[in-house]
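Report on one structure; see the data block that follows.
The values are calculated or read from the model by the stated rules, or taken from the named source; none is laboratory data. Keep in mind that what you see is a predicted model, and the values were worked out from it rather than measured. All Cβ positions, even for glycine, are placed from backbone atoms using ideal geometry, and neighbour counts span all protein chains on display.
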Amino acid sequence: MNTVYSKYPECRMRRGRSSEWVRSMLSENILTVNDLVWPVFVKEGTNNSEPVKSMPDVNRLTIDLLVDKVKEARDLGIPAIAIFPVVDQNIKTLLGEESYNRNNLICRAVEEIKSKVDGIGVICDVALDPYVVHGQDGLVKDGKILNDETIEILCKQALVQAEAGCDIVAPSDMMDGRVGAIRAALDNSGFEDVSIMSYAAKYASSFYGPFRDAVGSSANLGKSDKKTYQMDPANASEAIREVAMDINEGADFVMVKPALPYLDIVANITKKFSIPTFAYQVSGEYAMIKSAEGNGWVNGNDIMMESLLSLKRAGASGIFTYGALEIAKQIG
Ligand code: PBG
């Protein structure tokens with residue numbers, strides 16, 4: 001850094017902020033529709049939309065209505081959606097067999113979207129939590145989350161999603177070694193063109209609360225937590241190892257989650273690795289913005305845009321946000 005050039009009064013930083021045109025000329029980062037991935041919730045039935053109480057403007061949609069919304073997202077230029085199922089409680093089991101039922105809700109939704117909407121990517125979550133009575137992301141035995149046994153099921157789950165036509169499988173379960181196993185399972189079945197977006201640095205966060213309400217897994221999880229597999233919020237360097245391992249196992253893209261409270265992690269990872277890195281603005285982050293807006297305490301739109309821009313500044317290639325549709329309408 002040359003201090004001569006940053007000396008007042010010869011240098012006046014405010015010259016670069018003095019008008020709209022100079023500010024836009026000098027702006028280093030920009031949020032575009034291309035950066036947005038829209039997470040959506042799908043449920044059984046037809047012609048029904050059910051609001052998620054803790055996530056204003058977010059609805060659980062039946063497949064038919066979802067297809068229309070996905071078309072709308074595509075028309076706005078949103079590159080991809082991430083789809084999450086609301087699974088009926090009576091289908092949930094101890095072993096989560098429904099997760100690899102070729103005709104499950106997710107597979108039917110993906111098929112329907114793929115047959116009716118061109119030009120938008122579909123990302124499917126790979127984890128057991130929507131399908132199990134205990135709400136954990138893996139199989140449980142004697143109070144322990146089993147790693148290797150869970151991976152076998154995750155591979156089956158990824159395979160049915162690939163068969164249904166999904167473009168990207170996104171393991172969000174945080175079991176060790178699942179990326180490599182899923183890659184091998186996909187390749188062995190001729191799905192070498194299906195990508196893996198690994199939730200590589202996923203923290204054991206309380207910001208997931210509204211999501212668990214949305215998919216109906218919070219009651220299943222009860223007072224338990226996910227701390228034996230999701231990362232400790234105190235840890236930063238561990239995220240580097242997580243990402244490195246997933247890259248070695250064949251991840252095409254990686255994810256940091258949540259987003260804003262983990263901005264340092266996003267920045268570290270994008271500096272350290274050359275791999276597309278996504279940030280997930282999770283349900284709790286979204287709910288905080290929306291509820292403060294609902295109370296008239298903040299300009300929700302402005303703080304939403306500022307939060308997303310901060311993720312671009314930190315180097316994110318793309319951002320998952322429940323506000324994607326609204327934002328795309330504005331900036332598109
Ligand atoms: C499930 C999963 C979760 C989220 C995405 N996939 C919840 C969890 O890990 O408990 C959270 C998304 C959000 O809060 O918006 N494995």
Exercise. Of all the strands (runs of 3 or more DSSP E) wholly in segment 76-191, which have at least 1 residues that are away from the ligand (no atom under 16 Å from the Cβ)?
Worked result: 121-126, 139-141, 144-146
For this session: Could you check how many residues of segment 124-171 are crowded, with 23+ Cβ neighbours inside 10 Å, among the small types (Gly, Ala, Ser) and within 23 Å of PRO258 (Cβ to Cβ)?
Result: 3
Seminar exercise, completed: Per the filter on segment 240-268, residues among the aliphatic types (A, V, I, L, M) and touching an Asp or Glu at 6+ places or on another chain (Cβ under 9 Å) are MET245, VAL254, ALA259, LEU260
Seminar exercise, completed: For segment 111-139, pairs from a residue that is under 22 Å from ARG183 (Cα atoms) to a residue that is near the ligand (Cβ under 9 Å from one of its atoms) and assigned to a helix (DSSP H, G or I), with Cβ under 6 Å and 6 or more apart or across chains, are ASP137/ASP129
Exercise. Taking into account only those residues within segment 6-29 that are at pLDDT 95 or above and touching a helix residue (DSSP H, G or I) at 6+ places or on another chain (Cβ under 7 Å), which is nearest to LEU308 (Cα to Cα)?
Worked result: ASN29
Exercise. In segment 203-210, is there at least one residue being at pLDDT 95 or above and more than 15 Å from the ligand (Cβ to nearest atom)?
Worked result: no
Problem set entry | Complete set of residues in segment 216-228 that are closer than 13 Å to ASP129 by Cα, more than 8 Å from the ligand (Cβ to nearest atom) and assigned to a loop (DSSP other than H, G, I, E, B) | GLY216, GLY222, SER224, ASP225
Exercise. PRO9 fails exactly one of the following numbered conditions: (1) within 16 Å of the ligand (Cβ to nearest atom); (2) over 19 Å from the mean Cα position of the chain (by Cα). What is the number of that condition?
Worked result: (1)
Exercise. If only one of TYR229, TYR199 is among the hydroxyl-bearing types (Ser, Thr, Tyr) and touching a Phe, Trp or Tyr at 6+ places or on another chain (Cβ under 9 Å), which one is it?
Worked result: TYR199
Exercise. For residues in segment 229-244 being part of a loop (DSSP other than H, G, I, E, B) and not small (Gly, Ala, Ser), which is nearest to the ligand (Cβ to nearest atom)?
Worked result: GLN230
Exercise. ILE168 is checked against (1) under 20 Å from VAL37 (Cα atoms); (2) without any contact (Cβ under 8 Å) to a residue 60 or more places away in the chain and fails just one. What number does that condition carry?
Worked result: (2)
For this session: Taking ASP193 as the residue in question, decide whether it is surrounded by fewer than 21 Cβ atoms within 10 Å (Cβ to Cβ) and closer than 30 Å to GLY222 by Cα.
Result: no
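Among the candidates LEU65, LEU31, which residue alone is part of a helix (DSSP H, G or I) and surrounded by 11 or more Cβ atoms within 10 Å (Cβ to Cβ)? Can you show your working first?
On the way: LEU31 fails: part of a helix (DSSP H, G or I).
None of the other options fit; the residue is LEU65.
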Problem set entry | Only listed residue being over 19 Å from the mean Cα position of the chain (by Cα) and either at pLDDT below 95 or β-branched (Val, Ile, Thr) (or both), chosen from ILE106, ILE145 | ILE145
